[in-house]
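Participant: Before we start, here is the structure in question, set down as structure tokens.
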Amino acid sequence: MNAVHEQAALAGADMQRHIAEARAQAQLGGKRLLERVEERCGHPPADFTALLGAALRYPVLTMEALHQLQPAFDLLPFTEALQHECVLLRDADGGLLLAFADPFDARLRAWVGERLRAPVTWHLVHHADLAACLARQEETMRALDSLSAGASAEGTASMAVEKLSLRSISEDTSSVVKLVNSTLYDALKSGASDIHLEATASGLVMKYRVDGVLALAGSVAGTETAEQVISRVKVMSELDIAERRVPQDGRFKVSARGREIDIRVSVMPSIFGEDAVLRILDKQNLADEVKGLRLDRLGFDSEPLAFLRRLSNEPYGMLLVTGPTGS
């Protein structure tokens with residue numbers, strides 16, 4: 001046992017030496033202190049995190065442990081966790097754990113102290129594991145959930161190709177830009193073919209058409225916000241924002257998951273202002289679906305399927321089917 005304690009003490013002293021040497025080179029710039037320490041240690045990520053946690057007296061969470069805990073995004077929203085490189089978790093007993101990667105970030109501790117009033121236990125994780133955990137959570141989230149419906153609007157700017165991700169949405173300073181981009185982001189994740197933006201007497205209603213069915217996606221209070229959302233869509237589509245009496249058609253592109261997606265826009269005057277319909281044309285997704293499309297995947301019974309295959313092989317086109325038996 002004494003040998004084990006002696007080995008742990010040596011490892012801790014070695015880590016402290018690496019930290020001190022990395023601090024001495026901090027004036028070189030270009031890299032964070034955490035990255036310099038990890039480079040000097042040269043250990044695999046899991047071993048480095050364990051040694052760093054032991055040296056700084058932080059409990060350590062592995063990737064497996066992160067997956068077993070439930071994120072507490074109701075207390076610390078995903079967008080804030082993404083910005084500050086941490087995530088608030090709940091254990092099986094309801095206790096709060098803050099998983100973070102950079103123990104040398106003094107601003108993080110000050111921010112958490114102001115942001116969270118509930119007691120939390122700080123747990124160190126490797127920055128790659130934390131990034132993977134947040135990316136995994138992003139796949140199951142709707143961007144609209146992180147926005148307050150009654151937020152006030154600000155000025156917007158036109159973009160040729162709008163990049164959509166939860167990180168880019170969280171970094172936008174305009175609440176209207178966030179709302180429009182969040183609506184687009186969630187529509188793409190849900191596989192919607194159309195987005196309907198309908199002005200009402202009290203604000204704006206967003207609907208998605210998924211598999212041919214139009215369903216409510218969300219709503220925003222305030223007629224002024226509704227006007228600014230439509231204006232934002234017009235700006236993105238290079239339409240005339242001053243013209244509200246006649247229909248207008250346009251288009252723009254968004255970039256999501258490494259590919260560009262076309263959005264066709266139709267704006268129509270309505271009794272409460274203007275409505276907009278956005279048609280989503282994901283050409284790459286359609287091409288991928290067509291590649292795997294076969295007759296036997298369309299749900300035909302064996303007899304009609306054989307009949308269709310026989311007709312498709314006729315040299316002079318399809319035959320006219322007049323009887324119930326196909327003859």
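Each value in this text was obtained by applying a stated rule to the coordinates, not by laboratory testing. As the structure is a computational prediction, the values presented were derived from the model and not from experiment. Virtual Cβ from ideal backbone geometry, glycine too; neighbours counted across all protein chains shown.
Participant: So for each of 95-105, 41-51 I average, over its residues, the number of other beta carbons within 10 Å; can you give me the resulting order with the highest mean first?
Facilitator: The densest-packed peptide leads the list: 95-105, 41-51.
Participant: Follow-up question, since we're still on this one. What ³J(HN,Hα) values, in whole Hz, does the Karplus curve 6.51 cos²θ - 1.76 cosθ + 1.60 give for segment 123-138 when θ = phi - 60°, with x put for Gly and Pro?
Facilitator: With coefficients 6.51, -1.76 and 1.60, one gets 10, 8, 9, 6, 4, 5, 5, 5, 4, 5, 5, 5, 5, 5, 5, 4 Hz.
Participant: Note down the relative contact order for segment 66-119 as a percent, whole number, built from C-alpha pairs under 8 angstrom at least six residues apart.
Facilitator: Relative contact order here is 28 percent.
Participant: Classify segment 214-261 as rounded, prolate or oblate, taking a ≥ b ≥ c as the square roots of the eigenvalues of its Cα gyration tensor: rounded when a/c is under 1.5, otherwise prolate if a/b is larger than b/c and oblate if not.
Facilitator: oblate
Participant: When a/c reaches 1.5 or more, the comparison of a/b and b/c decides; with that in mind, is segment 16-129 rounded, prolate or oblate per its Cα gyration tensor?
Facilitator: Prolate, since a/c reaches 1.5 and a/b exceeds b/c.
Participant: Also: How high is the relative contact order of segment 210-264, in percent, with contacts defined as C-alpha pairs under 8 Å that are six or more residues apart?
Facilitator: 19
Participant: Separation between the Glu85 and Lys253 pseudo-spin-labels, each 7 Å from Cα along Cα→Cβ, expressed in nm?
Facilitator: Between Glu85 and Lys253, the label points sit 3.3 nm apart.
Participant: Report the rotationally averaged projected area of segment 179-285 based on its alpha-carbon convex hull, in square nanometres.
Facilitator: For segment 179-285, averaging the hull's shadow over all directions gives 6.3 nm².
Participant: Let me ask something else. Evaluate E = 1/(1 + (r/R0)^6) for Arg310 and Asp211, where r is the Cβ-Cβ distance and R0 equals 41 Å; express this FRET efficiency to the nearest 0.05.
Facilitator: Here the calculated transfer efficiency is 0.85.
Participant: Using mean Cβ contacts within 10 Å as the protection proxy, how do 168-177, 249-258, 107-116 order, highest first?
Facilitator: Taking the mean over residues of other Cβ atoms within 10 Å, the ranking is 168-177, 249-258, 107-116.
Participant: Using a cut-off of 15 Å between beta-carbons, work out the net charge of the residues near Phe307 (Lys and Arg +1, Asp and Glu -1, Phe307 not included). Working shown, then result.
Facilitator: Details: positive: Arg309, Arg310; negative: Asp296, Asp301, Glu303, Glu314.
Cβ neighbours under 15 Å give a net charge of -2.
Participant: Separate question: Pull up all non-local amide H partners of Thr121: gap of 5 or more, or a different chain, and H-to-H distance under 5 Å with H placed in the peptide plane.
Facilitator: Residues meeting the amide H criterion: Leu96, Leu97, Leu98.
Participant: For a quick check: with amide H placed at 1.01 Å from N, whose amide H comes under 5 Å from Thr62's, ignoring anything fewer than 5 positions away on the same chain?
Facilitator: none
Participant: May I ask you to evaluate 6.51 cos²θ - 1.76 cosθ + 1.60, the Karplus curve with θ = phi - 60°, for each residue of segment 96-111 and list the ³J(HN,Hα) values in order in whole Hz, giving x for glycine and proline?
Facilitator: These are the phi-based 3J(HN,Hα) values: 9, 10, 9, 8, 9, 10, 10, x, 9, 8, 5, 5, 5, 5, 5, 5 Hz.
Participant: Multiplying the sequence separation of Arg264 and Glu35 by 0.36 nm and subtracting their Cα-Cα distance, what value in nm do you get?
Facilitator: So the extension gain works out to 78.0 nm.
Participant: Just order 185-193, 303-311 by mean Cβ neighbour count inside 10 Å, highest at the front, would you? Can you show the working numbers first?
Facilitator: Working: 185-193: 18.9, 303-311: 12.9.
Packing order, densest peptide first, comes out as 185-193, 303-311.
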